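Report on one structure; see the data block that follows.
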Amino acid sequence: MWKLKSLKGLDFYECKLSGSIPNSIGNLSNLSYLDLSKNNWSSGPIPPEIGKLNKLEYLAIIKSNLIGSIPQEIGLLTELTVLELSNNSLSGVIPETIGNMRKLNGLYLRYNNKLSGTIPQSLWNMSSLTDIYLFNMNLSGSIPDSIQNLVSVNFLSLDFNQLSGSIPSTIGNLKNLTHLYLGMNRLSGSIPASIGNLINLQAFSVQVNNLSGTIPATIGNLQLLNVFEVATNKLYGRLPDGLYNITDWHSFVVSENDLVGHLPPKICSGGILYNFNADHNRFTGLVPTSLKDCSTLERFRIDKNSIEGDIARDFGVYPKLEYIDMSDNKLHGHISPNWGKSLDLDTFIISNNNVSGGIPLELIGLPKLGKLHLSSNHLIGKLPKELGRMKSLVELKISNNHFTDSIPAEIGLLKILNELDLGGNELSGTIPEEVVKLPRLRNLNLSRNKIEGSIPFQFGSDLESLDLSGNFLNGKIPPSLGNLVRLSMLNLSHNMLSGTIPQNFRKFQLFLMLHLNHSKIIKAYAEIFHVWILVPQIIAKMSFKSYSLR
């Protein structure tokens with residue numbers, strides 16, 4: 001086959017081929033189309049003979065376990081319009097000869113995280129390029145002023161690299177640019193005001209860099225913008241006025257900055273918003289009014305701001321919602337049963353607000369809910385037994401509320417639960433053995449309640465932190481606690497415990513904290529403490545106040 005010099009097209013896409021690409025491929029001198037994607041070419045690099053295919057217009061070798069470097073001879077393919085080598089294990093650098101391909105429209109090298117070095121200077125002069133996908137690699141260096149020579153580029157993706165320096169103001173000359181992705185790099189300086197010249201820009205993403213200063217007002221000129229992602233930088237000040245007038249948002253992400261002012265009230269007026277993250281800022285004012293009817297919403301975060309609003313009245317029904325975090329704000333009202341209509345919801349977090357009422361059964365009935373955080377509110381009532389039906393639940397945190405009555409034993413049915421925090425309520429009764437024996441439970445906090453009885457004898461072996469302080473527990477410390485080899489924090493203080501500290505506590509290898517204050521522990525074995533104190537890696541903090549050793 002490699003001798004068919006008249007062959008013009010060769011498509012071996014997903015043919016389960018293996019080995020290496022043969023050097024004899026260079027014999028196919030009339031080839032204009034070559035696709036070797038989704039095979040297993042892990043035995044060797046791209047052969048230099050590929051450069052003999054001087055009529056080749058399309059070359060794709062995607063997801064094929066390619067190794068080695070891109071040969072310099074690739075630059076001999078002067079008729080090439082598409083070069084697609086994504087999702088491989090290529091190493092070395094992008095050859096400077098790539099700039100010889102003057103007809104190249106699409107350059108796709110993404111997901112080759114062993115490709116390193118700087119972006120070739122010749123690439124910045126390739127005026128024919130319309131699509132540049134160089135993300136998730138290991139490229140370094142800076143973006144030069146000569147980026148302005150990419151006059152045809154529509155899609156420029158350089159995210160997930162190690163690029164440094166500032167964003168050059170000459171980027172504002174790329175009038176055809178529709179998508180600009182520079183996130184997950186080490187870029188610094190300010191966002192250039194010239195970005196506002198990119199009147200066709202639809203997506204602007206520079207998140208997770210070291211950018212500082214204010215967001216330039218000129219960005220408000222970009223009325224086609226539907227993706228705006230500037231999270232995790234050092235930006236401050238107010239959002240540009242022009243952003244408040246844009247209605248067709250898909251993704252609006254400004255998290256982890258120092259932004260102030262109000263959130264855009266029309267953020268979902270276009271009815272297509274799916275991702276809204278404004279957490280970890282200093283936003284004030286009300287929940288955006290357009291969010292009530294935002295049925296497309298999938299991810300929503302406004303945590304750690306000072307947003308006000310009614311958690312029932314200001315929110316609607318979100319059938320596609322997967323993640324919501326509104327913790328650490330000034331929200332009030334009751335938890336609406338409507339949240340139970342978000343059947344894909346995985347995470348529901350409203351901790352540290354002023355929410356009142358009880359937990360609606362509709363919320364508990366969500367089949368995919370894995371994290372339920374309701375701590376530090378004004379919730380009341382009994383803990384529903386229906387909590388035991390939440391088979392997907394991994395974290396249940398409802399501390400610092402006003403829940404009463406006993407802890408439902410049905411929580412012991414949550415076989416994948418690894419965090420349970422019920423501290424700081426008004427719970428009474430005894431500790432259900434079914435709960436403390438949960439096989440994957442790592443952190444258990446039942447402190448500051450009105451729990452009576454003795455400490456159960458059996459606990460799940462994965463337990464790392466146990467806080468039973470501030471209750472009315474009595475009896476002895478069960479020796480079985482000494483067998484919890486992963487335990488790093490144990491707080492039994494402010495109870496009515498008696499007896500001795502079990503001798504097998506000396507087995508702990510990395511015991512970090514032990515609190516027993518205000519318990520009547522007697523006849524403890526001094527040699528246990530002597531051993532502990534002599535081994536620095538074992539003890540970080542111990543408290544023996546208010547009981548006697550003899």
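Every read-out reported here was derived from the displayed coordinates using simple, explicitly stated rules and does not represent laboratory data. As the structure is a prediction and not an experimental result, all values here were calculated from the model. Neighbour counts are summed over all protein chains in view; Cβ atoms, including those assigned to glycine, are modelled from backbone coordinates with ideal geometry.
From the cross-link list LYS304/LYS385; LYS341/LYS382; LYS292/LYS368, which pairs have alpha carbons spaced over 26 Å apart? In this structure, LYS304/LYS385 lie more than 26 Å apart at Cα. For the chain, the residue among SER188, ASN23, SER86 whose Cα projects farthest onto the positive side of the dipole built from Cβ charges is ASN23.
Selection among GLY482, ILE74, ASN197 by position relative to the dipole of the chain gives GLY482 as farthest towards the positive end (Cβ unit charges, Cα centre). Applying the Karplus relation 6.51 cos²θ - 1.76 cosθ + 1.60 with θ = phi - 60° to region 156-168 yields 3J(HN,Hα) values of 10, 10, 10, 6, 6, 9, 10, 5, 10, x, 9, 7, x Hz, where x marks Gly and Pro. Calculated mean residue ellipticity at 222 nm for the chain: -500 deg cm²/dmol, from DSSP H runs with n ≥ 4 weighted as -39500 (n - 2.57), summed, divided by the residue count and rounded to 500.
Taking every alpha-carbon pair under 8 Å whose residues sit at least 6 apart, region 402-451 reaches a relative contact order of 46 percent. The H on the amide N of LEU379, modeled in the peptide plane, is under 5 Å from the matching H of HIS402, each at least 5 residues off or on a different chain.
Each residue of region 401-416 was assigned a 3J(HN,Hα) from its phi angle through the Karplus expression (A = 6.51, B = -1.76, C = 1.60, θ = phi - 60°), giving 10, 10, 6, 10, 6, 8, 7, x, 5, 4, 4, x, 8, 7, 5, 10 Hz with x at Gly and Pro. Among HIS373, HIS378, the ranking by other beta carbons within 10 Å of each residue's beta carbon, starting with the fewest, stands as HIS378, HIS373. Coordinate range of the alpha-carbon atoms in the chain per principal axis, descending: 92, 53, 40 Å. Working note: Karplus 6.51/-1.76/1.60 with θ = phi - 60° gives region 175-190 the couplings 5, 8, 5, 10, 9, 10, 10, 10, x, 6, 10, 10, 6, 10, x, 9 Hz, where Gly and Pro are set to x.
For VAL230, VAL93, VAL355, the sequence from fewest to most other C-beta atoms within 10 Å is VAL93, VAL355, VAL230.
Rounded to the nearest 20 debye, the dipole size of region 422-488 about its Cα centre is 120 debye, using +1 on the Cβ of Lys and Arg and -1 on the Cβ of Asp and Glu. For LEU66, the residues whose amide H sits under 5 Å from its own are TRP41, SER89, ignoring neighbours fewer than 5 places away on the same chain, with H placed 1.01 Å from N. In the chain, a dipole from Cβ-located charges (positive for Lys and Arg, negative for Asp and Glu) runs towards its positive end, and of THR404, THR130, ILE219 it is THR404 whose Cα lies farthest in that direction.
The alpha-carbon of LYS16 sits under 26 angstrom from the alpha-carbons of these lysines, leaving out residues fewer than 8 places away in its chain: LYS3, LYS5, LYS8, LYS38, LYS52, LYS63, LYS114.
Close amide H contacts of GLY117 (hydrogens built in the peptide plane, cut-off under 5 Å, sequence separation of 5 or more or a different chain): SER140. For the chain, a crude dipole built from +1 on the beta carbon of Lys and Arg and -1 on the beta carbon of Asp and Glu, taken about the Cα centre, is about 1180 debye to the nearest 20.
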